[in-house]
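Colleague: Have a look at this one.
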Amino acid sequence: MAVYARTTTVKGDPQALEKGVAQVRDEVLPAVEQMDGCTGLSMLADREYGTCIVTTAWETEQALAASRERVRALRSRAVEALRAGSEPEVREWEIAVVHRAHAVNDGACARVTWLQVDADRVDRQLDIYRSTVLPRLESMTGFCSASLLIDRASGRAAGALILDSRKALEDSREMARSIRTQATRETGAQIVDVAEFDVVLAHLRVPETV
């Protein structure tokens, strides 16, 4: 059974980051967890540039849709707390792959890779991710978890790798670059962007799909 997610990317003021994190932790998280079908929330933050990604997960597409209006005011207050200079980017996804080695520890970091894939060959590309990419990610020192979000209609995808520490993230950069090169060669996907973050909130309860 598919599980769904909404990501909100905010380009905020680095000086307002901690206030924004507190707003999401203390107001947004408790509120969305009371909504039907919600399976938690996570937040990634780039402390240097102030960019944050808040992800909420939902048991069904219907629950995701039903929450759209209910989260609007919560989102506005969080964006205000982060002193964002532009409107947030909001996207909805199918959570296609989730694999965890263990729970997220304090100090964990994430690398997010955004891709454009062939919308007509999404399932084939997911097979390649599971059979080729995921085992290589899992072999990295400090591996915590990996997930892949997809938008089947547009062919957009976002892969997140969580590692236990900033050092593990930095040490993995060359291997990650090699994995991306191989994966794009095999799938024909195009890399749209790659960014690294601190994991500041980790309260997603999405079931394993591997």
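The values are calculated or read from the model by the stated rules, or taken from the named source; none is laboratory data. All values derive from a computational prediction rather than experimental measurement. For neighbour counting, all protein chains shown are included, and Cβ atoms are generated from backbone atoms with ideal geometry for every residue, glycine included.
Colleague: Might you check whether a residue that is exposed (fewer than 15 other Cβ atoms within 10 Å of the Cβ), assigned to a loop (DSSP other than H, G, I, E, B), in contact (Cβ under 8 Å) with a residue 60 or more places away in the chain and not charged (D, E, K, R) occurs anywhere in the range 86-93? Give the steps one after another, and end with the answer.
Modeller: Filtering the range 86-93 for residues exposed (fewer than 15 other Cβ atoms within 10 Å of the Cβ) gives 86-87, 89.
Filter again for assigned to a loop (DSSP other than H, G, I, E, B), leaving 86-87.
Right, trim to in contact (Cβ under 8 Å) with a residue 60 or more places away in the chain and you get 86.
Narrowing the set further to residues that are not charged (D, E, K, R) leaves 86.
Within the range 86-93 (the criterion being exposed (fewer than 15 other Cβ atoms within 10 Å of the Cβ), assigned to a loop (DSSP other than H, G, I, E, B), in contact (Cβ under 8 Å) with a residue 60 or more places away in the chain and not charged (D, E, K, R)), the answer is yes, since at least one residue qualifies.
Colleague: Can you say whether R68 is under 19 Å from the mean Cα position of the chain (by Cα), under 21 Å from R156 (Cα atoms) and assigned to a loop (DSSP other than H, G, I, E, B), as far as the supplied structure shows?
Modeller: Details: under 19 Å from the mean Cα position of the chain (by Cα): yes; under 21 Å from R156 (Cα atoms): yes; assigned to a loop (DSSP other than H, G, I, E, B): yes.
In short, yes.
Colleague: For the range 67-79, indicate whether the set of residues that are closer than 22 Å to A195 by Cα, in contact (Cβ under 8 Å) with a residue 12 or more places away in the chain and not basic (K, R) is non-empty.
Modeller: Within the range 67-79, one or more residues are closer than 22 Å to A195 by Cα, in contact (Cβ under 8 Å) with a residue 12 or more places away in the chain and not basic (K, R).
Colleague: Do we find a residue being in a loop (DSSP other than H, G, I, E, B), buried (at least 21 other Cβ atoms within 10 Å of the Cβ) and either among the aromatic types (F, W, Y) or modelled with pLDDT of 95 or more (or both) anywhere in the range 6-26? Quick ask: steps written out before the conclusion?
Modeller: Here is the first cut: in the range 6-26, the residues in a loop (DSSP other than H, G, I, E, B) are 12-13.
Filter once more, keeping what is buried (at least 21 other Cβ atoms within 10 Å of the Cβ): 12.
Filter once more, keeping what is either among the aromatic types (F, W, Y) or modelled with pLDDT of 95 or more (or both): 12.
Yes; the residues of the range 6-26 include at least one that is in a loop (DSSP other than H, G, I, E, B), buried (at least 21 other Cβ atoms within 10 Å of the Cβ) and either among the aromatic types (F, W, Y) or modelled with pLDDT of 95 or more (or both).
Colleague: If you scan the range 75-85, which residues turn out to be in contact with a Lys or Arg (Cβ under 7 Å, 6 or more places away or on another chain), in a loop (DSSP other than H, G, I, E, B) and surrounded by 14 or more Cβ atoms within 10 Å (Cβ to Cβ)?
Modeller: Step one: filter the range 75-85 for residues in contact with a Lys or Arg (Cβ under 7 Å, 6 or more places away or on another chain), giving 81, 84-85.
Narrowing the set further to residues that are in a loop (DSSP other than H, G, I, E, B) leaves 84-85.
Passing the criteria: only A84.
Colleague: Considering only the range 34-46, state which residues are touching a residue at least 24 places away in the same chain (Cβ under 8 Å) and either loosely packed, with under 14 Cβ neighbours inside 10 Å or part of a helix (DSSP H, G or I) (or both).
Modeller: Restricting attention to the range 34-46, the residues satisfying the condition of being touching a residue at least 24 places away in the same chain (Cβ under 8 Å) are 35-46.
D36 - this is the single residue of the range 34-46 that is touching a residue at least 24 places away in the same chain (Cβ under 8 Å) and either loosely packed, with under 14 Cβ neighbours inside 10 Å or part of a helix (DSSP H, G or I) (or both).
Colleague: To continue, here is another question. Within the range 110-150, track down each residue that is closer than 19 Å to K167 by Cβ and either touching a Gly at 6+ places or on another chain (Cβ under 9 Å) or modelled with pLDDT under 95 (or both). Lay out the reasoning, then the answer.
Modeller: The initial filter retains those residues of the range 110-150 that are closer than 19 Å to K167 by Cβ, namely 110-112, 137-146.
Scanning the range 110-150 gives R111, V112, L137, A146.
Colleague: For the range 51-74, name all the residues that are buried (at least 19 other Cβ atoms within 10 Å of the Cβ) and not small (G, A, S).
Modeller: T51, C52, I53, V54, T55, T56, W58, L64, V71, L74
Colleague: Determine the pairs where a residue that is in a strand (DSSP E or B), located within the range 179-203, has a partner that is at pLDDT below 95 with Cβ atoms under 7 Å apart, the partner being 6 or more residues away or on another chain.
Modeller: Q190/T184; I191/T184
Colleague: Just to check your reading of the model, which residue among E48, E138 is of a type in the set (D, E) and in contact with a Pro (Cβ under 7 Å, 6 or more places away or on another chain)?
Modeller: Values: E138 fails: in contact with a Pro (Cβ under 7 Å, 6 or more places away or on another chain).
That would be E48, the only listed residue that is of a type in the set (D, E) and in contact with a Pro (Cβ under 7 Å, 6 or more places away or on another chain).
Colleague: So, restricting to strands (runs of 3 or more DSSP E) that lie completely within the range 94-168, which ones have at least 1 residues that are surrounded by fewer than 16 Cβ atoms within 10 Å (Cβ to Cβ)? Reasoning before the result, please.
Modeller: Values: elements: 109-116, 143-151, 156-163.
Correct list: 109-116.
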